[in-house]
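> Sharing a structure here in structure tokens format.
Computed from the coordinates by the stated procedures, all read-outs in this text should not be read as laboratory data. In this text, all values refer to a predicted model and were calculated from it rather than measured experimentally. We place every Cβ from the backbone using ideal geometry, glycine too, and count neighbours over all the protein chains shown.
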Amino acid sequence: MFTNIKYIIYTDGGSRGNPGRAGCGVVVTDANNQILKKATKSLGLATNNEAEYQAVILGLDTLKKMLGSSKLATAEIEVRMDSQLVASQLAGLYQIKEETLFPFFIKIWNLQVKDFPKIKFTYIPRAENSLADALANQAMDEGKQGRLLKI
């Protein structure tokens with residue numbers, strides 16, 4: 001019997017100041033929490049919420065590059081983040097009131113429709129997101145653009 005493969009993407013974005021120097025970090029795992037890929041990205045000047053959205057985009061782009069579009073069609077994807085606001089907005093539970101977040105939401109919506117038909121967004125406590133948090137802080141510290149980390 002064919003079963004769908006599940007991938008979990010842990011994302012975190014942060015800003016030192018709001019807005020301030022921002023970065024995001026991503027960890028892609030399989031269903032057994034085996035780390036498959038890590039990525040960081042410096043974002044320049046952004047708010048915390050903008051950085052959280054950009055972390056989700058980085059995570060989806062990273063997984064898409066790993067798997068290709070055809071494999072994504074049957075894969076189950078769960079994006080886990082410690083931003084209750086962003087997780088709830090992406091899940092359709094909260095309205096988006098901050099105009100600057102609309103372009104990020106639309107980009108994720110378009111990715112979801114085109115490449116990620118089986119995706120869900122989950123809020124997790126900060127303690128369960130420590131690796132993505134560390135990567136986001138690393139991106140803010142180093143200021144490197146779009147760096148994929150080898151495992």
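> Using the alpha-carbon atoms, what tilt in degrees (0 to 90, nearest 10) does helix 130-142 show relative to the longest principal axis of the chain?
Once rounded, the angle reads 50 degrees.
> Separate question: If only Cα atoms are counted, what is the Rg of the chain, and what is its Dmax, in Å?
For the chain, the Cα-based Rg and Dmax read 14.4, 51 Å.
> Please compare each pair in LYS65/LYS114; LYS64/LYS114; LYS37/LYS65; LYS64/LYS97 to a cut-off of 19 Å on the Cα-Cα distance and tell me which ones are over it. Display every interim value, and only then the final one.
Working: LYS65/LYS114 14 Å; LYS64/LYS114 11 Å; LYS37/LYS65 11 Å; LYS64/LYS97 29 Å.
Long pairs (Cα-Cα over 19 Å): LYS64/LYS97.
> Which value, in debye to the nearest 20, gives the size of the charge dipole of the chain about its Cα centre, when Lys and Arg are +1 and Asp and Glu are -1 at the Cβ? List each step's numbers first, then the result.
Numbers: 19 positive and 15 negative charges, 93 e Å.
Computed charge dipole of the chain: roughly 440 debye.
> Give me the net charge of ASP133's neighbourhood, meaning all other residues with Cβ under 11 Å from the Cβ of ASP133; Lys, Arg count +1, Asp, Glu -1. Could the numbers behind the result be given before it?
On the way: positive: ARG126; negative: ASP12, ASP82, GLU128.
Neighbourhood net charge equals -2.
> To continue, here is another question. Return the Rg/Rh ratio of region 1-54 with Cα-based radii and a Kirkwood Rh. Don't skip to the end; give the middle numbers.
Numbers: Rg = 14.4 Å, Rh = 12.1 Å.
Taking Rh as the inverse mean 1/r over Cα pairs, Rg/Rh reads 1.18.
> For the pair ASP141 and THR74, what calculated FRET efficiency results from E = 1/(1 + (r/R0)^6), where r is the Cβ-Cβ distance and R0 = 35 Å, to the nearest 0.05?
On the way: r = 38 Å, r/R0 = 1.08.
Efficiency for this residue pair is about 0.40.
> What share of the DSSP beta bridges in the chain is antiparallel, in percent to the nearest 5? It would help to have the intermediate numbers written out before the result.
On the way: 24 of 35 bridges.
Rounded to the nearest five, the antiparallel share is 70 percent.
> Using a ≥ b ≥ c from the Cα gyration tensor of region 57-133 (square roots of the eigenvalues), is it rounded, prolate or oblate, where a/c under 1.5 gives rounded and otherwise the larger of a/b and b/c decides, a/b for prolate? Mind showing how you got there, number by number?
On the way: a/c = 1.90, a/b = 1.24, b/c = 1.53.
Note, shape of region 57-133 comes out oblate.
> Choose one of ASN18, LEU60, LEU43: the residue whose Cα lies farthest towards the positive end of the charge dipole of region 14-70 (beta-carbon charges +1 Lys, Arg; -1 Asp, Glu; about the Cα centre).
Value computed over the given set: LEU43.
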